[in-house]
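Okay, structure first, notes after.
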Amino acid sequence: MTVITINSPSQVIQLPLDDDLINALILEIEQPFESAVAVTVFWQQTNTRLLLIEPDDDLDNLSKSDPVLAFALEYPEWIINLPQDHQLSLAVTTDDGGGCYLLCPTQLIKSSKD
């Protein structure tokens, strides 16, 4: 029960996810930028990262021990649905626009809010 953290968009393909979900994730991450290189440079300059929460993770306990995760759960700028009942959100954590993407099963978020 640990959060998987990636610090570069090029690491997305290494996540333990199906290809459909990885492809949708890459599209969303790259969408605001003109190229994959621009995304990578932005992530490096702003310390942007992505946290992957897996279905068997205890979201409440994880958020208590990780203040960035707690912030990402509480203050997302946006949330979108992805394939395979996952959702992606972004919390901006720095003045330069850097932040934390959070990818997790939709049901896990719903159950933690109940």
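Only residues that are in a helix (DSSP H, G or I) and modelled with pLDDT of 90 or more were counted in the stretch 83-114, giving 1. Here L59 clears all of (1) at pLDDT below 95; (2) closer than 13 Å to G99 by Cα except the condition numbered (2).
Of the strands (runs of 3 or more DSSP E) that lie entirely inside the stretch 1-82, those containing 2 or more residues that are in contact (Cβ under 8 Å) with a residue 24 or more places away in the chain, buried (at least 19 other Cβ atoms within 10 Å of the Cβ) and not aromatic (F, W, Y) span 49-52.
Within the stretch 14-38, the set of residues being aliphatic (A, V, I, L, M) and within 24 Å of D66 (Cβ to Cβ) comprises L15, L17, L21, I22, L25, I29.
So that you can scan it fast, the table gives a plain yes or no per residue for (1) over 18 Å from S8 (Cβ atoms); (2) over 14 Å from the mean Cα position of the chain (by Cα); (3) not charged (D, E, K, R):
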{"residue": "E28", "(1), (2), (3)": "no, no, no"}
{"residue": "Q31", "(1), (2), (3)": "no, yes, yes"}
{"residue": "W43", "(1), (2), (3)": "no, no, yes"}
{"residue": "E77", "(1), (2), (3)": "yes, no, no"}
{"residue": "I80", "(1), (2), (3)": "yes, no, yes"}
{"residue": "D85", "(1), (2), (3)": "yes, yes, no"}
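The values are calculated or read from the model by the stated rules, or taken from the named source; none is laboratory data. Note that the coordinates shown come from a computational prediction; the quantities given were computed from them, not determined experimentally. Neighbour counts run over all protein chains shown; Cβ positions are idealised from the backbone, glycine included.
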